[in-house]
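The values are calculated or read from the model by the stated rules, or taken from the named source; none is laboratory data. Everything quoted here is computed from the prediction, not taken from an experiment. Virtual Cβ from ideal backbone geometry, glycine too; neighbours counted across all protein chains shown.
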Amino acid sequence: MNAKKRRRLYFAAAVVVAGTVLAVAIIYELGNNVLYFYSPSDLAAKHVEPGVAFRIGGLVEKASLRHGAGADVRFVVTDGARAVPVEFDGVLPALFREGQGVVATGALSTNGTFAATEVLAKHDEKYMPPEVVAALKRSGRWKEGE
């Protein structure tokens, strides 16, 4: 093998190695930045560790909304089969109410309560987030036309 062929072989090997390293780095970073969506039933089945950020969605359980001191709010998110208590310190959306769809971003605390950093409510009487609809359909609580 002459010197020119050897240089080409080294260059090709370097391109393959660099491409592999780049692909691994991209996949790793995407995995760290993805916020998974879970219903309360999914959460119980997957055993998510405390401190891992994700989104939880379902319906705000009736008679579960409690306002604390300042902007502290507690409520329960349910999909009909399971329920998860949620704590939120902030201003709730104007359309937030019991019995309506909600998606919250945050993480589980060590006591099993979901510590929300953001709460989103549906924006009109017809809309419900697609993830919440899918979770309610899986639990058997979704009725078409609601």
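Name the pairs whose Cβ atoms lie under 8 Å apart, with the first residue in segment 15-44 and closer than 30 Å to LYS137 by Cβ, the second at pLDDT 80 or above and among the hydroxyl-bearing types (Ser, Thr, Tyr), and 6 or more positions between them or separate chains?
That search, which allows pairs on different chains as well, returns LEU35/THR105; PRO40/THR78.
What's the number of the condition LEU59 fails, among (1) under 21 Å from GLU118 (Cα atoms); (2) part of a loop (DSSP other than H, G, I, E, B)?
Answer for LEU59: the failing condition is (2).
Condition check: surrounded by fewer than 18 Cβ atoms within 10 Å (Cβ to Cβ), at pLDDT 85 or above and touching a Lys or Arg at 6+ places or on another chain (Cβ under 8 Å). Does ARG82 satisfy that? Outline the logic, then answer.
Values: surrounded by fewer than 18 Cβ atoms within 10 Å (Cβ to Cβ): yes; at pLDDT 85 or above: yes; touching a Lys or Arg at 6+ places or on another chain (Cβ under 8 Å): no.
Answer is no for this residue.
Which of the residues belonging to segment 62-112 are part of a strand (DSSP E or B) and either β-branched (Val, Ile, Thr) or not assigned by TED's automatic domain parsing to the domain that holds SER41 (or both)?
Going through segment 62-112, the residues part of a strand (DSSP E or B) turn out to be 66-67, 72-78, 83-89, 101-108.
Those that are part of a strand (DSSP E or B) and either β-branched (Val, Ile, Thr) or not assigned by TED's automatic domain parsing to the domain that holds SER41 (or both): VAL73, VAL76, VAL77, THR78, VAL84, VAL86, VAL102, VAL103, THR105.
Given the condition outside any loop (DSSP other than H, G, I, E, B) and either exposed (fewer than 10 other Cβ atoms within 10 Å of the Cβ) or touching a His at 6+ places or on another chain (Cβ under 8 Å) (or both), answer yes or no: does some residue in segment 32-53 qualify?
First pass over segment 32-53, keeping only residues outside any loop (DSSP other than H, G, I, E, B): 32-33, 36-38, 40-46, 53.
Subsequent filtering for residues that are either exposed (fewer than 10 other Cβ atoms within 10 Å of the Cβ) or touching a His at 6+ places or on another chain (Cβ under 8 Å) (or both) retains 32-33.
Checked segment 32-53: at least one residue is outside any loop (DSSP other than H, G, I, E, B) and either exposed (fewer than 10 other Cβ atoms within 10 Å of the Cβ) or touching a His at 6+ places or on another chain (Cβ under 8 Å) (or both).
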